[in-house]
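Right, one structure below, let's go through it.
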Amino acid sequence: MNEFDGCRCDDGWKAWLNTMPPNKKILHVEGSCTCKDGGHHLRLVKAIPQGSNPTILILNIEDTVDTEVPHHVQRYPLKYTEQEAGYRQVTIMPCNLTIDVSIIS
């Protein structure tokens, strides 16, 4: 499912783990969603509980809507970072989109 609440996950999501000193394994996840109307407030949050595979990070897209905003198509960039991460993949829900984590060393 790529659509939720009048929004859809765009192509081009990426995740990378920066292991270059002086950083301590900082995971970065970036992507975007496009919504049919304005007024959405989207953010990526770590799912609780996580799944059974500890190498896959599950992130949920939380959406709150301000109904007083004019209706127009709008793109929303999303970012997530986590320190001391060692994940190999990231799954974005509810889009059911799984991406591999690139390593920068």
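Read-outs throughout are calculated quantities, based only on the coordinates presented, and are distinct from any laboratory measurement. Since this is a predicted model, take the numbers as computed values, not measurements. Here the Cβ positions follow ideal geometry from the backbone for every residue, glycine too, while neighbour counts run over all protein chains shown.
How high is the FRET efficiency from MET93 to LYS25, r the C-beta distance, R0 22 Å, rounded to 0.05?
Given R0 = 22 Å and the Cβ-Cβ separation, E is 0.40.
So, by mean Cβ neighbours within 10 angstrom, what's the order for 89-97, 3-11, 77-85 with the highest one leading? Display every interim value, and only then the final one.
Numbers: 89-97: 17.7, 3-11: 16.1, 77-85: 13.3.
In descending order of packing, they fall as 89-97, 3-11, 77-85.
How big is the charge dipole of the range 16-101 about its Cα centre, in debye rounded to the nearest 20, if each Lys and Arg gets +1 on its Cβ and each Asp and Glu gets -1 on its Cβ?
The dipole of the range 16-101 has a size of about 320 debye.
Sequence gap at least 6, Cα distance under 8 Å: using those rules, report the relative contact order of the range 3-104 to the nearest whole percent.
Rounded, it is 36 percent for the range 3-104.
Tell me, what is a quarter of the convex hull surface for the C-alpha atoms of the range 3-104, in nm² with one decimal?
Working: hull surface 27.0 nm².
Taking a quarter of the hull surface, the average projection is 6.7 nm².
How charged is the neighbourhood of THR67? Take every other residue with its Cβ under 15 Å from the Cβ of THR67, and add Lys/Arg as +1 and Asp/Glu as -1.
Here the count lands on -4.
Which aspartates and glutamates have a Cα lying under 20 Å from the Cα of LYS46, excluding residues fewer than 8 positions away in the same chain?
Answer for LYS46, where 20 Å is the Cα cut-off: GLU3, ASP5, ASP10, GLU30, GLU62, ASP63, GLU82, GLU84, ASP100, listed by chain and number.
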